[in-house]
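The values are calculated or read from the model by the stated rules, or taken from the named source; none is laboratory data. Source: prediction; values computed, not measured. Here the Cβ positions follow ideal geometry from the backbone for every residue, glycine too, while neighbour counts run over all protein chains shown.
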Amino acid sequence: MELTASARDDSQRKTYEKLFRQYQEDNSLIVPDENDWLLASRILYWLTQSRRRSLKGKLKRLPTGVSQRMALDVLIAVSARRWKATVVTENWDDFKAIQRFCSTKVVKPSDFFRR
């Protein structure tokens, strides 16, 4: 969903949708289950509490879209954890924050593709 939503044009969106169908057909598509949703909600709570502590109890309003993107990232992390998969992402800071509460392996693309 995140890749498709961020596609730069219709051609790239169609490519992502084709990949989605291929992974779905070969049963390698990682989809959050009910336990992933529950764990994700706990992690989002813990991240919020951590922010609240660091701001001495006063939460500032997040910029538009930040909490939604974090929720998607947490779902990706907990789903990958269940499958023992590695998350390859440029979104390093958010996933490092998530790792404090969810032991998911995270790798930068530059490190992953260097192998």
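Looking only at the stretch 1-25, filter to residues that are closer than 19 Å to residue 69 by Cα and of a type in the set (D, E, K, R); which one of those is nearest to the chain's Cα centre (by Cα)? Within the stretch 1-25, the match that is nearest to the chain's Cα centre (by Cα) is 2.
Only one of the listed residues (38, 29, 75, 44) is modelled with pLDDT of 95 or more and within 18 Å of residue 5 (Cα to Cα). That residue is 75. The residue of the stretch 4-31 that is surrounded by the fewest Cβ atoms within 10 Å (Cβ to Cβ), among those that are more than 21 Å from residue 77 (Cβ to Cβ) and small (Gly, Ala, Ser), is 11. Counting only helices (runs of 4 or more DSSP H) that sit wholly inside the stretch 26-101, those with at least 3 residues that are farther than 26 Å from residue 113 by Cα, more than 14 Å from the chain's Cα centre (by Cα) and without any contact (Cβ under 8 Å) to a residue 60 or more places away in the chain are 34-54.
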